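The values are calculated or read from the model by the stated rules, or taken from the named source; none is laboratory data. Here the structure is a predicted model, which is why all the values come from computation and not from measurement. Glycine also receives a Cβ, built like all others from the backbone with ideal geometry; neighbour counts cover every protein chain displayed.
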């Protein structure tokens, strides 16, 4: 059995660590508001998610070379947006905003610039996962069940965050965590049907 490279180990670890950190961050929300602690955990989660995406796009590199490059670029940009939502929570709390509505109003006062660093990449994050779930399933890199859970978790990501209802976000985090765990086991299996992470 081939010994794993450091790069492959980083990808595998990130695949599990990213959703775990995001799920942990959720417990530190305060009535729908991202607190400093939640923001820091979210920054770490989306930083790690970049490496998770890197490994997943590498899986389909041989089958879909153009998509693997462009898809990863957009996914990395999406992760920066997730990071920025965490930073937004850190700074709004540091500036004394303890009410969700007041914090949102402050962020909104920045104007259309928020589209570039918050909302466009924020929308690309679930979209990147949805498309990736379809491609991984279509190319038989993961099982159908895994792909369906991955797609559902991605689809429900904005639906659980926009209303700022903690329980919905917790449920979606659990779905994403289970989906990533299944992806990890599918890729580690190394069978013809589920594939495995490939080094460059």
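The criterion of being surrounded by 17 or more Cβ atoms within 10 Å (Cβ to Cβ), under 19 Å from residue 163 (Cα atoms) and touching a residue at least 40 places away in the same chain (Cβ under 8 Å) does not hold for residue 71.
Yes or no, residue by residue, for (1) part of a helix (DSSP H, G or I); (2) more than 24 Å from residue 182 (Cα to Cα):
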{"residue": "70", "(1), (2)": "yes, yes"}
{"residue": "83", "(1), (2)": "yes, yes"}
{"residue": "106", "(1), (2)": "yes, yes"}
{"residue": "111", "(1), (2)": "no, yes"}
{"residue": "126", "(1), (2)": "yes, no"}
{"residue": "134", "(1), (2)": "yes, no"}
{"residue": "147", "(1), (2)": "yes, no"}
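Conditions (1) touching a residue at least 60 places away in the same chain (Cβ under 8 Å); (2) under 19 Å from residue 64 (Cα atoms), marked per residue:
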residue	(1), (2)
123	no, no
127	no, yes
132	yes, yes
137	no, yes
142	no, yes
154	no, no
171	no, no
180	yes, no
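Taking the listed residues 185, 146, 92, the one that is without any contact (Cβ under 8 Å) to a residue 60 or more places away in the chain and exposed (fewer than 15 other Cβ atoms within 10 Å of the Cβ) is 185, with no other qualifying. From the list 53, 57, 46, 28, the one residue that fits, being modelled with pLDDT of 95 or more and not in a helix (DSSP H, G or I), is 28.
Within region 97-111, residues that are at negative phi and free of Cβ contacts under 8 Å to residues at least 60 places away in the same chain have Cβ atoms under 8 Å from residues that are surrounded by fewer than 16 Cβ atoms within 10 Å (Cβ to Cβ) and not in a helix (DSSP H, G or I) in these pairs: 106/95, counting only partners at least 6 apart in sequence or on another chain.
Here residue 19 fulfils each of the conditions (1) under 13 Å from the mean Cα position of the chain (by Cα); (2) part of a loop (DSSP other than H, G, I, E, B) apart from (2).
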